[in-house]
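Chemist: Below is the structure I would like to discuss, written out as structure tokens.
The values are calculated or read from the model by the stated rules, or taken from the named source; none is laboratory data. Please read these numbers as outputs of a predicted model, since none were measured by experiment. Using ideal geometry, Cβ is built from the backbone for each residue, glycine included, and neighbour counts are taken over all protein chains shown. For the accessible areas, the whole protein counts, side chains as well, though only heavy atoms, and no ligand, DNA or RNA atoms are used. Shrake-Rupley method; radii C 1.70, N 1.55, O 1.52, S 1.80 Å.
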Amino acid sequence: MTDLNTWQTLAAKQPFSNSALIAGRAHAALSGETFAVRNPATNALLANVAACGDADIDLAVSAARKSFASGPWARLLPRDRKAVLLRLAELILAHREELALLDSMSMGKPVMDAWSIDVPGAAHVFAWYAESLDKLYDQVAPTGRGALATITREPLGVIAAVVPWNFPLDMAAWKLAPALAAGNSVILKPAEQSPFSALRLAELALQAGVPEGVFNVVTGLGQHAGRALGLHPDIDALAFTGSTQVGKHFMQYSAQSNLKQVWLECGGKSPNLVFDDCQDLDLAAQKAAFGIFFNQGEVCSANSRLLVQRSIHDEFVERLVEQTRHWQPGDPLDPASKMGAMVDARQTARVMDYIAQAGSDGAQRVAGGEQVTLNGSNNFIQPTLFTQVTPQMRLSREEVFGPVLAITAFDDEDQAVQMANDHIYALAASVWSDDLNRAHRVASRLNAGTVSVNTVDALDVCVPFGGGKQSGFGRDLSLHSFDKYTQLKTTWFQLR
Ligand code: NAP
Ligand code: MG
């Protein structure tokens, strides 16, 4: 899968679903309403998709509740549930090209990234949770003789997942794999820009043997479908990835309805600290560029603040400017493209606005900053670097969600840590140092869910992912994510 021609041929033939999927069947919105989904790289219309509202959400929740209560999934033997989810992982891989195209064509990422990272990543996550589910043991409490108390993990019931457009398939997999592995029934609401891979995933799940009603997908707009899920009285937990602003809405919806558990993976403004004792500045620059330009910078854990020691600031910036040559935006279907299109015109305008404001705030633009037109679409932005960014500037304070790096010089370790931690977000951080003691000391002082040392974006299904402060709470991935989709039950047997 390495040539543009092949991808273009596949893209021309790719069908796009236009309905939700409830109780195992395609579902048009009861209101008859739809919303348009366009390819941001060409502006072509892909489909008019069902815009679900309150009544459709009611149907999806009752399908999920019914399937949970009747038990064809929740009460399946662990090894049988495992077999179904392993089949799903295989089916994801068997549909690798198609799933890669569905995400790339709807949200603009390079198709080769979707094909080589996102799709196998989702398959791996399903396989990993499938393999884990029949190896989790429950506990017996140390009550002493006279009683036997078991502490068992039970599925919660009906779980809703509301996910963003930046990694449509993977964000769905991160929530659904553990939720399904634990025996829950789920309702997934993909972002309005990228509903297709979620719908295909649910069809593949049916094919793998997930019973009807256990995995439902509701398409629609956040303020209708998302809100209706947040407020629904019969959903037990809601897992969200997206902006902090919408995350706060979900806390309110929960408080206004049934106190459903809410788990939030929200924004970030992750600092990348480069110390002058880092010996491989070329590698550090290469990774710093990846950390901000991968996926067009539309990454919640993007290394969007570069804090670099003053003594190496200028030479490091030079290396970074050089790196931007490799990240010029291109046709997402072209295997040579490392950056594709921004998700839509609104996000493009938003990022351009941050670029303009950084300039007028006094930051120095040393690379990029321009919008680019390709194949009739304006939704492309050059990889952009700003130096002399102060911690007070908007470019330091707010999540841009685009290929724009804020670079700030620091003088010593204390100042670097102070700048890194002085933020409303605490999702991820990176440290570059070849002094083992310093690396360890700084990593322990950084306020972040994940600290990557001498790399960026350290991520694997076997380690938890998530943050603190206004980046949210609760963890995706690893065995810890079962905490979100199960509840503990104590059963006390009084013995005679
Ligand atoms: P968003 O508005 O937070 O949307 C995330 C999800 O929540 C989508 O499924 C969205 O549906 C839904 N939603 C939106 N408004 C809602 C509401 N009032 N009630 C219930 N659900 C609602 O994120 P976005 O629109 O995709 O992007 C906006 C900004 O959020 C970005 O620029 C970026 O800064 C941040 N963001 C962060 C992450 C992350 O991983 N941390 C991911 C994406 C975006 P619709 O798609 O239909 O609106
Ligand atoms: Mg949105």
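Chemist: Identify the residue in the stretch 319-348 that is under 14 Å from Val372 (Cα atoms) and of a type in the set (D, E, K, R) and, among all such residues, is nearest to the chain's Cα centre (by Cα).
Modeler: Among residues in the stretch 319-348 that are under 14 Å from Val372 (Cα atoms) and of a type in the set (D, E, K, R), the one nearest to the chain's Cα centre (by Cα) is Asp344.
Chemist: Restricting attention to the stretch 241-252, report how many residues are within 16 Å of ligand 2 (Cβ to nearest atom) and open to solvent by 10 Å² or more (accessible area, probe 1.4 Å).
Modeler: Matching residues across the stretch 241-252 total 7.
Chemist: Where in the stretch 231-342 are there helices (runs of 4 or more DSSP H), lying fully within it, with 2 or more residues that are more than 30 Å from Leu59 (Cβ to Cβ) and hydroxyl-bearing (Ser, Thr, Tyr)?
Modeler: 310-324
Chemist: Could you list all residues from the stretch 63-75 that are in a helix (DSSP H, G or I) and buried (at least 17 other Cβ atoms within 10 Å of the Cβ)?
Modeler: Ala63, Ala64, Arg65, Ser67, Phe68
Chemist: Also, I was wondering about something else. Only one of Val463, Val431, Val451 is assigned to a strand (DSSP E or B), in contact with a strand residue (DSSP E or B) (Cβ under 9 Å, 6 or more places away or on another chain), in contact (Cβ under 8 Å) with a residue 12 or more places away in the chain and open to solvent by 10 Å² or more (accessible area, probe 1.4 Å). Can you tell me which?
Modeler: Testing whether each residue is assigned to a strand (DSSP E or B), in contact with a strand residue (DSSP E or B) (Cβ under 9 Å, 6 or more places away or on another chain), in contact (Cβ under 8 Å) with a residue 12 or more places away in the chain and open to solvent by 10 Å² or more (accessible area, probe 1.4 Å) leaves just Val451.
Chemist: While we're on this one: How many residues does the stretch 223-239 contain that are in contact with a Gly (Cβ under 8 Å, 6 or more places away or on another chain) and open to solvent by 10 Å² or more (accessible area, probe 1.4 Å)?
Modeler: Of the residues in that region, 3 qualify.
Chemist: Condition first: part of a helix (DSSP H, G or I) and closer than 27 Å to Arg438 by Cα. Can you find one or more residues in the stretch 393-407 that meet it?
Modeler: Yes; the residues of the stretch 393-407 include at least one that is part of a helix (DSSP H, G or I) and closer than 27 Å to Arg438 by Cα.
Chemist: Need the failing condition index for Ser257 against (1) in contact with a helix residue (DSSP H, G or I) (Cβ under 9 Å, 6 or more places away or on another chain); (2) assigned by TED's automatic domain parsing to the domain that holds Met393; (3) open to solvent by 10 Å² or more (accessible area, probe 1.4 Å), just the number.
Modeler: (2)
Chemist: May I ask you to list pairs of residues, at least six apart or on different chains, whose Cβ atoms are under 6 Å apart, with the first in the stretch 391-403 being farther than 22 Å from Lys287 by Cα and the second being away from ligand 2 (no atom under 16 Å from the Cβ) and modelled with pLDDT of 95 or more?
Modeler: Filtered contacts from the stretch 391-403: Pro391/Met419; Met393/Asp361; Arg394/Gln357.
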